[in-house]
Amino acid sequence: QNKGWDMLTEVTRSIHEVSEGELIQTEQTEKLAMTREIYYDIIYKKTAALLGACGATGAISVGADEEHVNRMREFGNKLLLEYADTVGVAFQIKDDILDYSPMEVTGKPTGGDMRERKITLPLLYVLEQSTPAERDLLLAKLSDVRNSPDHVEYLCRAVERGGGLDHARQCMAEYRDKALAFLEGYPDSDVLRSLRLFADFVLSRDK
């Protein structure tokens with residue numbers, strides 16, 4: 001009964017954080033404002049929190065005696081939560097990169113986030129590197145995308161030319177490597193190999 005309650009608590013916490021992340025993103029979208037700190041906070045709340053809850057509830061659900069349950073709970077809290085958080089961030093950055101891919105590859109319209117006036121990491125990087133005049137122009141284009149859909153193509157080209165996609169790929173790889181570092185020191189097993197493959201899949205997926 002207690003284990004079931006603990007798992008429910010983890011899931012409830014993650015739902016709260018996902019909802020909060022969505023509200024923060026909506027607020028920033030309306031303001032056309034974004035910082036790296038807020039961006040990563042949104043990612044954690046919307047993606048990594050769910051993966052973290054999966055790790056924690058998996059640990060809680062392991063049976064056997066109380067000692068083993070406690071050890072697996074500690075494993076989930078200390079390793080899987082941190083591992084899942086970093087993989088979750090990498091996963092969301094990959095989503096942001098895929099937003100710039102052709103529709104025939106992903107099955108989704110190119111620039112979907114921009115059409116909703118969302119500032120994700122590739123565009124955020126270009127805005128950070130731009131002069132005040134260039135930044136104002138890019139934000140003006142983003143502000144008017146609902147009236148002028150052709151602005152999406154302009155913004156996509158600006159992001160690619162400005163190195164936004166390359167920067168996002170670098171950040172994504174760094175978070176993947178951080179996740180894999182949490183697995184060092186553990187004996188080889190099917191579970192360990194699966195976690196490593198999962199982290200690599202995050203970078204290689206095209207949908």
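The values are calculated or read from the model by the stated rules, or taken from the named source; none is laboratory data. For clarity, every value in this text was computed on a predicted model and none was experimentally measured. Calculation scope for accessible area: heavy atoms of the full protein, side chains included, ligands and nucleic acids excluded. Shrake-Rupley method; radii C 1.70, N 1.55, O 1.52, S 1.80 Å.
Points to keep in mind about this one:
- Summary value for segment 122-207: 29 percent relative contact order, contacts being C-alpha pairs under 8 angstrom separated by 6+ residues.
- On Cα atoms only, tilt of 151-161 relative to the major axis of the chain in degrees: 70
- Candidate lysines - alpha carbon under 17 Å from residue 31, same-chain residues fewer than 8 apart omitted: 118, 141
- Here the Gaussian network model covers the chain, with springs between Cα atoms less than 10 Å apart; of 150, 188, 177, 188 fluctuates the most.
- Residues whose amide H comes within less than 5 Å of that of residue 101, counting only those at least five positions distant or on another chain, are 111 (H built at 1.01 Å from N in the peptide plane).
- Reachable lysines, given that their alpha-carbon falls under 21 Å from the alpha-carbon of residue 3 and they are not under 8 places away in the same chain: 78
- Residue among 173, 181, 90 with the largest mean-square fluctuation in a Gaussian network model of the chain, springs linking Cα atoms under 10 Å: 181
- With Cα atoms, 0 to 90° folded angle of helix 2-31 axis to the chain main axis: 10
- Segment 103-160 - convex hull of alpha carbons, volume per residue in Å³: 77
- Karplus (6.51, -1.76, 1.60) ³J(HN,Hα), θ = phi - 60°, over segment 173-183, in Hz, Gly and Pro reported as x: 5, 5, 5, 4, 5, 4, 5, 5, 4, 5, 8
- Using the rule -39500 (n - 2.57) for each DSSP H run of four or more residues, divided by the residues of the chain, the 222 nm mean residue ellipticity is -23000 deg cm²/dmol.
- In degrees, nearest ten, helix 49-61 long axis to first principal axis of the chain (Cα): 10
- For the chain, the carbon plus sulfur part of the accessible surface works out to 55%, probe radius 1.4 Å.
- For volume of the Cα convex hull per residue in Å³, calculated from these coordinates, the label among [x] 141; [y] 204; [z] 126: [z]
- Per residue, the solvent-accessible area of the chain (1.4 Å probe, heavy atoms of protein chains only, all protein chains present) comes to 55 Å².
- Choice from 192, 165, 121 with maximal GNM fluctuation in the chain (Cα, 10 Å cutoff): 192
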